[in-house]
Amino acid sequence: MAVISDSQSEDTGSNPAAVVVSMLGKEAEMVTIDMMGTGKKIKAQMICADLTARDIAAACDLANPNAVWRWQKGQIMPTIDNLVIIADACGCKVDDLIAVK
């Protein structure tokens with residue numbers, strides 16, 4: 001864990017993000033989730049694991065596969081709980097399912 005000296009704290013004020021940027025020596029960049037890309041990654045992992053939308057819907061305790069199809073199209077995002085279930089069912093990590101911009 002990095003220790004922040006008093007001089008670093010004074011240079012950046014009380015803004016913790018500025019302290020992190022100062023420590024990293026570069027500008028912070030906003031990372032956002034790419035919904036379409038995430039949908040494609042979910043679909044690709046399901047294909048690799050030979051799983052259908054109905055299989056994933058059952059694993060996520062969903063009444064029907066409509067939400068899974070919408071995830072695959074990038075229309076909506078699965079909850080974190082469902083991402084963990086999908087990753088487990090597909091034999092991958094949650095990071096393998098999420099695309100960022």
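According to the square roots a ≥ b ≥ c of the eigenvalues of the Cα gyration tensor, what is the shape class of region 35-96, taking rounded for a/c under 1.5, prolate for a/b larger than b/c otherwise, and oblate for the remainder? Rounded, because the longest to shortest axis ratio a/c is under 1.5. The phi torsions of region 75-85, fed into the Karplus equation with coefficients 6.51, -1.76 and 1.60 and a -60° offset, translate into couplings of 7, 9, 10, x, 5, 4, 4, 5, 4, 5, 5 Hz, rounded to whole numbers, with Gly and Pro shown as x. Within the shell defined by Cβ-Cβ distances under 15 Å, the residues around Ala87 carry a net charge of -2, with Lys and Arg each +1 and Asp and Glu each -1. Listed by chain and number, the lysines whose C-alpha is less than 29 Å from the C-alpha of Lys73, apart from same-chain residues fewer than 8 away, are Lys40, Lys41, Lys43, Lys93, Lys101.
Every number here is computed from the coordinates shown, using simple stated rules; none is lab data. In this text the structure is predicted, and so the values were computed from the model without any measurement. Positions of Cβ are generated from backbone atoms using ideal geometry, with glycine treated the same way; all protein chains shown enter the neighbour counts.
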